[in-house]
Amino acid sequence: MPSISDMRPGSQKVYYLDTMEYARYFNPRLKLLLKGGDNTIIPPFPSIVKSRPIAGANANAVLLNLDKVRHFIFYNDKRGFEEKDDRALFRGKACGKPNRIMFMNRFWGNPRFHLATIDAPRKEWKGEKLTLSQQLRNRYIMALEGNDVASNLKWVMSSNSIAVTPRMKYETWFMEGLLKGGEHYIEVADDFSDVEEKIDYYSSHQAEAREIIENAHRFVNRFRNQKREKLISLLVLDRYLKAVNPDFQETGKH
């Protein structure tokens with residue numbers, strides 16, 4: 001296992017920088033294994049990761065807030081739920097993502113949906129990217145997992161729109177595994193067979209929709225305190241380094 005001092009930026013520089021933001025406070029001789037990228041398996045050795053499966057024993061996959069410039073975006077939404085277009089939006093890549101292709105095939109051309117992909121598994125699906133403000137003109141935003149988690153989930157949950165997704169399979173520092181369908185987001189079937197039914201229900205029961213939005217905001221607010229985020233990150237890394245470095249007490253420094 002390499003040491004902190006052996007770490008190099010390589011091709012995934014953002015993962016290195018986000019890890020070193022906290023690792024620099026520890027003795028550089030301490031061992032640390034960073035597994036960058038979209039991680040969907042449990043590594044065989046204790047590793048620092050951005051993402052991991054929710055199900056199963058995941059003790060070897062130790063989460064830090066990595067690639068946060070892309071994943072940890074929050075939005076101050078001035079538009080209320082009732083003021084938004086009563087549609088569900090999807091924007092994202094679909095090539096190589098069977099769940100997203102299934103969704104697009106099912107709802108393409110349906111007026112209850114505002115859909116486009118930013119790549120082109122089918123030529124007619126291709127659309128331009130939209131700003132967050134443009135996307136959040138819609139009441140419902142599809143937060144569909146891709147290579148691992150849905151990168152839009154955090155900013156959707158910080159807004160006055162509602163995230164719509166099947167039960168999530170992966171989690172990051174955001175601890176998606178703690179989220180509950182019907183409480184923090186609208187949970188739909190894996191085959192998307194009940195999406196229209198669910199969004200019609202919440203459009204007709206807007207007090208319940210606002211309750212989901214308020215619960216989502218409370219969950220997001222846990223991550224807005226930067227001093228606390230730094231402290232928790234340091235404590236996680238401290239515990240990890242103690243576990244993989246038997247002589248930590250002699251060599252570690254804070």
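Computed from the coordinates by the stated procedures, all read-outs in this text should not be read as laboratory data. None of these values were measured; they are calculated from a predicted model. Backbone-built Cβ (ideal geometry, glycine too); neighbour counts: all protein chains shown.
Which of the peptides 217-229, 83-95, 113-125 is most tightly packed, and how do the rest follow, judged by the mean count of other Cβ atoms within 10 Å per residue?
The peptides rank, most packed first, as 83-95, 113-125, 217-229.
Take the alpha carbon gyration tensor of region 100-200, find the square roots of its eigenvalues, order them as a ≥ b ≥ c, and report rounded if a/c is under 1.5; if not, report prolate when a/b exceeds b/c, else oblate.
Rounded shape, in that the Cα axes give a/c under 1.5.
Output the pairs from LYS97/LYS180; LYS180/LYS230; LYS35/LYS230; LYS35/LYS78; LYS84/LYS180; LYS97/LYS227 with a Cα-Cα distance over 32 Å in this structure; if there are none, say none.
Long pairs (Cα-Cα over 32 Å): LYS35/LYS78; LYS97/LYS227.
Taking neighbour Cβ counts within 10 Å as the exposure measure, how do LEU130, LEU34, LEU178 sort from fewest upward? Please report the intermediate quantities before stating the final value.
Values: LEU130 16, LEU34 21, LEU178 11.
In order of increasing Cβ crowding within 10 Å: LEU178, LEU130, LEU34.
Could you please rank VAL156, VAL164, placing first whichever residue has the fewest other Cβ atoms within 10 Å of its Cβ?
Ranking VAL156, VAL164 by Cβ neighbours within 10 Å, fewest first, gives VAL164, VAL156.
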